[in-house]
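Novice: Input: one structure, supplied below.
The values are calculated or read from the model by the stated rules, or taken from the named source; none is laboratory data. This structure is a prediction, so every number in the text was calculated from the model and none was measured. Neighbour counts run over all protein chains shown; Cβ positions are idealised from the backbone, glycine included. Heads up: the accessible areas ignore ligands, DNA and RNA and are worked out on the full protein's heavy atoms, side chains in. Shrake-Rupley method; radii C 1.70, N 1.55, O 1.52, S 1.80 Å.
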Amino acid sequence: MPELGYYPYLRFPVWFSAPSGFSRVIEDLWNRHYPGLYEDPAGRPPSNLDEAFQALLGLLWTEGSNVGHQRCLWAGWAAGKACQATIEGWRAGDPRPQLVQAAVQTFLEYGRIPSTGWRATFPQLVSPPQALHEALDVFWNLARMLDPLEARPAFIEILEDSIEGYGIVPGSQGKRDIFNWFLVEVMPAAWSLRLPDRIYSLKWPWPPPDEHATKT
């Protein structure tokens with residue numbers, strides 16, 4: 001019996017031809033149980049979510065490769081887009097998400113890194129509630145990812161804020177479903193140097209309507 005969610009099955013997009021090593025890693029991560037995602041263990045032993053995040057990074061990143069850096073940026077950008085509704089809900093009109101996304105798009109299209117004054121744009125202040133703070137932190141770390149030397153730790157922080165944290169959806173419901181979305185939508189798209197077909201959003205009803213509960 002599949003778990004409740006918009007992504008109950010391990011299915012890649014029809015356009016994606018997965019390398020064998022890629023498929024093995026994603027399938028292994030999919031089949032694990034993560035207490036940090038508040039899911040039903042269903043008899044499975046617990047797995048460490050931090051290790052899963054490191055595995056996702058390792059799948060996209062190649063040391064000394066511009067392509068690996070770009071793949072991580074595409075994945076981080078997808079997570080950022082998924083956090084936009086959270087920011088709009090508490091701070092409508094905040095220009096920072098668009099500024100960061102424009103910088104990321106410029107870098108991916110032309111290889112140029114725009115302004116480096118991101119620390120002033122994202123002062124080290126807590127912006128309650130938690131969901132808003134973590135959603136904004138995703139965009140701060142997305143800006144950090146423009147620097148290859150900062151990209152890997154920033155990518156891990158994006159995963160922590162958006163999947164384990166409240167950046168995409170506040171509360172504990174749907175955490176595993178967001179992780180599944182990242183596995184089957186974001187990772188194939190990032191590998192292919194593009195954004196995913198669907199961006200997860202807190203605007204999606206939970207629990208999912210019946211027509212979404214058994215298909216992606």
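Novice: For GLU27 and GLU109, what does the FRET efficiency come to when R0 = 22 Å and r is the distance between their Cβ atoms, rounded to the nearest 0.05? Walk me through the numbers on the way to the answer.
Specialist: Values: r = 33 Å, r/R0 = 1.48.
Computed FRET efficiency for GLU27 and GLU109 comes out at 0.10.
Novice: Continuing with the same structure: Work out the length of the dipole vector of segment 79-216 about its Cα centre, built from +1 on the beta-carbon of each Lys and Arg and -1 on the beta-carbon of each Asp and Glu, and round it to the nearest 20 debye. Can you show the working numbers first?
Specialist: Working: 13 positive and 16 negative charges, 44 e Å.
The dipole magnitude comes to about 220 debye.
Novice: Then there's this: What percentage of the solvent-accessible surface of the chain, computed with a 1.4 Å probe over protein heavy atoms, is contributed by carbon and sulfur atoms? Please report the intermediate quantities before stating the final value.
Specialist: Values: 5380 of 10220 Å².
Solvent-exposed carbon and sulfur of the chain make up 53 percent of the total.
Novice: Just to be sure I understand the model, the point goes 7 Å from the Cα along the line to the Cβ. What's the resulting LEU125 to LEU99 distance in nm?
Specialist: Each label point lies 7 Å from its Cα, and together they span 1.3 nm.
Novice: Rounded, prolate or oblate: which fits segment 43-143 when a ≥ b ≥ c are the square roots of the eigenvalues of the alpha-carbon gyration tensor, with rounded for a/c under 1.5 and prolate only if a/b beats b/c?
Specialist: oblate
Novice: Candidates (i) 11.9; (ii) 19.7; (iii) 74.3; which is the computed mean projected area of the Cα convex hull in nm²?
Specialist: Matching entry in (i) 11.9; (ii) 19.7; (iii) 74.3: (i).
Novice: Same structure, new question: Take the alpha carbon atoms of segment 90-128, find their center, do the same for segment 143-216, and report the distance between the two centers in whole angstrom.
Specialist: Cα centroid of segment 90-128 versus Cα centroid of segment 143-216: 19 Å apart.
Novice: Would you be so kind as to identify which of PRO153, PRO114, PHE22 lies farthest towards the positive end of the dipole of the chain, taking Lys and Arg as +1 and Asp and Glu as -1 on Cβ and the Cα centre as origin?
Specialist: Result: PRO114.
Novice: Right, here's the next one. Search the structure for amide H atoms under 5 Å from the amide H of HIS33, placed 1.01 Å from N in the peptide plane, and list their residues when 5 or more places away or on another chain.
Specialist: Sorted by chain and number, the residues that satisfy this are SER47.
Novice: Sticking with this structure for a sec: Could you work out the helix-only [θ] at 222 nm for the chain, with each DSSP H run of four or more residues adding -39,500 (n - 2.57) and the total divided by the number of residues, to the nearest 500 deg cm²/dmol?
Specialist: Working: 9 runs with 106 residues, N = 216.
Theoretical 222 nm ellipticity from helices: -15000 deg cm²/dmol.
Novice: With a 1.4 Å probe and all protein chains left in place, how much accessible area per residue does the chain have, in Å²?
Specialist: On the way: 10220 Å² over 216 residues.
So the chain comes to 47 Å² accessible per residue, rounded to a whole number.
Novice: Related question: Kindly identify segment 104-216 as rounded, prolate or oblate by the Cα gyration tensor criterion: order the square roots of the eigenvalues as a ≥ b ≥ c, call it rounded if a/c is under 1.5, otherwise compare a/b with b/c, prolate if a/b is larger, else oblate.
Specialist: Details: a/c = 2.52, a/b = 1.40, b/c = 1.80.
Because a/c hits 1.5 or more and a/b fails to exceed b/c, segment 104-216 counts as oblate.
Novice: With +1 assigned to the C-beta of every Lys and Arg and -1 to the C-beta of every Asp and Glu, and no other charges, what is the dipole magnitude of segment 1-90 about the Cα centre in debye, to the nearest 20?
Specialist: Working: 6 positive and 9 negative charges, 52 e Å.
That gives segment 1-90 a dipole magnitude of about 260 debye.
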